[in-house]
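Scroll down for the structure; my scribbles are underneath it.
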Amino acid sequence: MGIEKRRSKRTDIDVTISLRQLDDKYVTGYSGDTVTVNVINISKDGIAFKSDYEFRLNTYYDTDIRLSNGESFEAVIEVIRMENLGEIETTYGCRFVGINSEDQFKIEVYQIVYESNNN
């Protein structure tokens, strides 16, 4: 197993979100592409999801994330990592771009509740 590079604790999550691609060149408008993906884990710094859609590294997407505890927030993510081990779906790692401390707190509360319910 490799060296862990993540700064924040990841917590399992099973939610579906829609990603709206931002204009690659200027990151100011929508390109029109919307893709639904399955989020598999979350931290206060980013998410990981699986999809059979081919995402490019260093692309940006706008999304609304609804946590299973009812909290939700809007976020822009950047695709920074991808891994495919011969499966139909590829796993993508993304970082939040410009997430505020209030939304990070919502994620931390979700993590505490998730851990207390699963221990």
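Below are the figures for this structure:
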{"quantity": "Scope segment 65-81; condition over 12 Å from F96 (Cα atoms) and in contact with an Asp or Glu (Cβ under 8 Å, 6 or more places away or on another chain); matching residues", "calculated": "S68, S72"}
{"quantity": "Qualifying residue in segment 98-107 (condition: at pLDDT below 95 and more than 22 Å from R7 (Cβ to Cβ))", "calculated": "no"}
{"quantity": "Some residue of segment 31-42 being loosely packed, with under 11 Cβ neighbours inside 10 Å, at pLDDT below 90 and more than 17 Å from the chain's Cα centre (by Cα)", "calculated": "yes"}
{"quantity": "Count of residues meeting criterion [among the β-branched types (V, I, T), more than 22 Å from Q21 (Cβ to Cβ) and touching a residue at least 24 places away in the same chain (Cβ under 8 Å)] in segment 67-115", "calculated": "3"}
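The values are calculated or read from the model by the stated rules, or taken from the named source; none is laboratory data. What you are looking at is a predicted structure, and each value in this text was computed from that prediction instead of being measured. Positions of Cβ are generated from backbone atoms using ideal geometry, with glycine treated the same way; all protein chains shown enter the neighbour counts.
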